[in-house]
1. Of these, Gln674, Gln648, which one is touching a residue at least 60 places away in the same chain (Cβ under 8 Å), part of a helix (DSSP H, G or I) and assigned by TED's automatic domain parsing to the domain that holds Cys851?
2. Using the structure shown, decide if Asp718 is under 30 Å from Ala651 (Cα atoms), without any contact (Cβ under 8 Å) to a residue 40 or more places away in the chain and not hydrophobic (A, V, I, L, M, F, W, C).
3. Looking at segment 159-207, which of its residues are of a type in the set (A, V, I, L, M, F, W, C) and not in a helix (DSSP H, G or I)?
4. Looking only at segment 431-443, decide whether some residue is over 17 Å from Asn493 (Cα atoms), in a helix (DSSP H, G or I) and assigned by TED's automatic domain parsing to the domain that holds Asn358.
5. Pick from Leu627, Leu677, Leu694, Leu643: which is closer than 30 Å to Pro923 by Cα and at pLDDT below 85?
6. For segment 139-166, what are the residues that are aliphatic (A, V, I, L, M) and modelled with pLDDT of 95 or more?
7. Considering segment 381-412 alone, what residues qualify as being in contact (Cβ under 8 Å) with a residue 60 or more places away in the chain and either under 24 Å from Val465 (Cβ atoms) or not polar (S, T, N, Q) (or both)?
8. Report the residue count in segment 822-843 for those that are surrounded by fewer than 11 Cβ atoms within 10 Å (Cβ to Cβ) and in a helix (DSSP H, G or I).
Amino acid sequence: MNDTFLDKLSKHILAQDKENLQEIIIVLPNKRAKVFLLDALHNHTSQTIFAPQITSIEDLIQEISGIRTIDAIEILFEFYDVYTKITPLEEIQPFTTFSNWAKTLLQDFNEIDRYLLEPTFVFSYLKDIEALKRWDLQPKDTTSLIDNNLHFWNKIPEYYTSLYTHLKNKKCGYQGLIYRESIALLKDYSNEINNKKLIFAGFNALNQAEEKIILHLISNEQASIYWDIDAYFISNPYHDAGLFIRRFKNQWKNYVTQPFEWITEDFQQEKNIQIIGTPKTIGQAKITGKIVEELISNDSNSTKTAIILGDENLLIPILYAIPNSVNALNITMGYSGKNNPAQLLISKLFKLHTNAINRNATHYTLYYKEVLEILNHPLVEPYLQVEELIQTIHNNNFTFFSIETLLRLKDEKYPNQKNTFFDLIFTKWKNEPITILNRISNILLSIKSFLNNENEEEKISKTFVYSLYKVINQLTNYCDKHANKINNIETLNDIYKQIVDLAEVSFEGEPLTGLQIMGVLESRVLDFENVIITSVNEGKFPSGKSQNSFIPYDVKRELGLPTYKEKDAIYSYHFYHLLHRAKNIYLLYNSDNEGIDAGEKSRFLTQLEIEKQPKHILSHKIYNAVLPEKAYTSIQVPKSSLLMERLQEIATKKGFSPSSLTSYIRNPIQFYFQRVLRINEMDEVEENIAVNTLGTIIHEVLEVLYFPYLNKYLSVKDIEEMLLKIDSTTLEKFKLVYKEGEIKKGKNLLAFEVAKRNIYNFLQVEKNTIEAGEAVKIIALEEKIETLLDDERLPYPIKIAGNVDRIEIRENVIRIIDYKTGKVDGNTLKINDFEALTSDIKNEKIIQLLCYALMFRNKSEFDSYPIEAGIISFKNMKAGFMPFGLGKGRGVIPQTMITDEILEAFKTEIIALILEILDEERPLKESI
């Protein structure tokens, strides 16, 4: 890479007067460039010298004015102090309402002062515009909304004057105030610096105050200025990258007699420019990681490379994508406090405890999702390690529970473990803002103590925690001063949200070593050999036409205030400056133009392609996710010796159940995971009762109701006694099965009532059949039955086992009954023959029924009874008992009695299925 701008500046300064550098004050656009300039001065001298004073433009302005700058949060608090003093008590808005408009008004105050406009004129102008909007309204036609709006515009001059005076008296202020005051004291400063000379370097856009200061010092021969602009941009009257510097070159009188320095031709030199489009931001992060890895493999000096984030939200994905070959990393950018991971944790804590207080006036009730969000947060989960507690919440269906219950569960699971961090997070919050903030501070300090400084990832986490800790301290100080205004958790939470939006996370590092990650503004004055710029999309880079201001666009144009046009020109300069001296340039953009994270390619990329320089090698690629030739390849599991041993264990000890056989028919891999490997779905909290849970409850209620009448013929009186017990038994089973789940309101209450109605309808049908004269005797309820298939076709005897819901004798016929809470059509239980019975999952209910019949037939005491097997569907109660039937079609009366011939034919099919399962040569293959 050719000499950087700072190299050139260093050589120039050293060539002028190396012995008297301490008499020089170098002023740069930002503080970051100071370290790089000192390094450049060191590299261009071989002897020990006194370094010149190097400062940023903001620090210089503070020095001239004698006023310190304060951050946006502190200014907002100071403004509210002023506002409450000058506003009648009945008109004072709460801080949360005030801050919504105050943040915008402060930005306008700042712009007005930076551009040295007469505030009275501007505010009068704006007020007149608002009044003219309603020029045709008579006083009687106005509304309170209109009157309040005009009243607000009338009050703005008073807000400005009072705030300005208040801050000036405290010797602190926002940037614009400091600029305006520096102009008033400029002559005094000029007289004080004596023989010192200022060098302004690397500037682009200047506001009126900066321009006036620089011109005054230049005209007094106390300063000089060096620009960094390429001839291509300054000679092209339409190129926005040179908009401001062209204006200064043409309008500043000193350039009539003095040379304009410096104009370079670096942009037009050889460059390898790759424009890369990829869907979504994560794709950009992954590509960035790959580019960095390639660059480092070609040249181990990562200091030559900079990643410029057009969108600060990409920082975290980028950090995860950086390859391990990067030994050192330096982050220089302001990251939004709103996206700070520590802030997200505190927001969840506010949500948990605010809702706990508001949910129930007498009980501090927690919601399981809010608790789990905190327990699983990356700044909490590694240090609490309460996996068993989380599993207990899942297993027992805790949805809403008291803080006492949570602490009790924690103590039960970890009786010998004193966890103060857990107590800090979950112990009740008092409705006292100062106490709450102290608790949050202690939580952040605890997290800090857990983090390891040796681990890069944890060092970054510590930066996030420290940034939020400072915000909480500021908020604590403000609450101390204004305890009467912030007196409950809701107000505190609202204020917290407001100030977090203004807070930024600042990273510290060693800027001269390692890979550089920075924002667009942080890259000013700096040059890199390899530049990767992300999010080069409209609305990101440049940032678009958003205008958070009370001053209309046309008024800004008339008054000389910057609009989005000037903002775009600033971005244009920064974009092209990054390209000036770079050799390898990678411009990444989001190519997906649909959805929430949609993007449109930046105009800068189009401009680069249209205005391509002769020496530029420019390529444009689109990277999409790698798509395999096949959308999905089914899983195949060969039958190893261990797998065959496990299958034999199932077949001879536990036995194949009807559901396991149908599971294999449905999907052999599902059978493999659930039955062979015994991997089941993880228990989750059922906030709403699941269908299978409802079915379990109905089954268990019917078992309890019928159990006293086992092995006796049912009477109408028996059924009536059962009807009386429906409510209490159903409630008992709900509590047992659904455990700690809420059943007294919402969807669960409806499910509870549905369960009772299904059981009631079932018993009513039973009662009607008995009244009609049918004799019913129940001989088994939820009974486990089994049989052994001992057949020469099988390698060894195979056990078939399962639980049958109900077996009864009705009119001297054995009925094997399976309850189904879903809807079943009787026609699905009928077949013409057994051919291909086990090859189609639609026959699963028939297979289950015939398996039950095959197992039951071994009970010798019932050999003389004919057998039927069927289903009772609670959503098709009118159909009653729906039996299995052999024979299907119009006019065909199916045979419902299950004969030995039918069982033998079925047995042949089941043996064929089992032989397939046990076939060592046949892998378990996933059904798709």
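The values are calculated or read from the model by the stated rules, or taken from the named source; none is laboratory data. Model, not experiment: these values are computed from the prediction. Cβ atoms come from the backbone with ideal geometry, glycine included; neighbour counts cover every protein chain shown.
1. Gln648
2. It is false that Asp718 is under 30 Å from Ala651 (Cα atoms), without any contact (Cβ under 8 Å) to a residue 40 or more places away in the chain and not hydrophobic (A, V, I, L, M, F, W, C).
3. Answer for segment 159-207, where residues must be of a type in the set (A, V, I, L, M, F, W, C) and not in a helix (DSSP H, G or I): Cys172, Leu185, Ile193, Leu198, Ile199, Phe200, Ala201, Phe203, Ala205, Leu206.
4. There is at least one residue in segment 431-443 that is over 17 Å from Asn493 (Cα atoms), in a helix (DSSP H, G or I) and assigned by TED's automatic domain parsing to the domain that holds Asn358.
5. None of the others qualify; the one that does is Leu627.
6. Of everything in segment 139-166, just one residue is aliphatic (A, V, I, L, M) and modelled with pLDDT of 95 or more, namely Leu163.
7. Matches in segment 381-412: Pro382, Tyr383, Ile393, His394, Phe398, Phe400, Phe401.
8. Of the residues in segment 822-843, 2 are surrounded by fewer than 11 Cβ atoms within 10 Å (Cβ to Cβ) and in a helix (DSSP H, G or I).
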